[in-house]
1. If the cut-off is a Cα-Cα distance under 26 Å, which lysines reach K28, setting aside same-chain residues fewer than 8 apart in sequence?
2. Whole-Hz Karplus ³J(HN,Hα) for segment 110-115, in order, using 6.51 cos²θ - 1.76 cosθ + 1.60 and θ = phi - 60°, x for Gly and Pro?
3. Kindly put V23, V91, V52 in sequence by how many other C-beta atoms sit within 10 Å of each C-beta, fewest to most.
4. May I ask you to sort R36, R41 by Cβ crowding, counting other Cβ atoms within 10 Å and putting the fewest first?
Amino acid sequence: MALRRLLSSDPSRSSKLYLGIGVLSLVKAIAVRDDRERFRRELADAALFLGVGLVLRQYSQLKEEKRTEIESQVPDWVADIARSEPARQGVRNLARQRFGEQEPEPTLRDRARGVLSLSE
């Protein structure tokens, strides 16, 4: 999984997933403890998944702290305006332009709707 995609998704949910896989790997390592080589591999896998899960959990907490800190600095009237749908769409469009993501090409249906909305 790409690091950018991993961090852009919900890190809290991803951390739970990685921690769960790590626990399962640890249980599997205990089950094959008689085979030394396989035990070491399973233990290494468990450590890797648990480590990534813990890092993602910390990242999630840091992200949430930063979000609440930023939200606490914004005046209430600005927050009310930002909750409207046109404002959200405008922010999304600006973010896409800023980060170089191109909008998908409009479909024939979208173009037809645009033409019909102009004629009204």
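1. Those lysines meeting the cut-off are K16.
2. Couplings: 4, 5, 5, 5, x, 5 Hz.
3. Ranking V23, V91, V52 by Cβ neighbours within 10 Å, fewest first, gives V91, V23, V52.
4. R36, R41
A short reminder: the numbers here are calculations on the coordinates, not readings from a lab. Predicted, not measured: the structure shown is a model, and the values here were computed from it. Backbone-built Cβ (ideal geometry, glycine too); neighbour counts: all protein chains shown.
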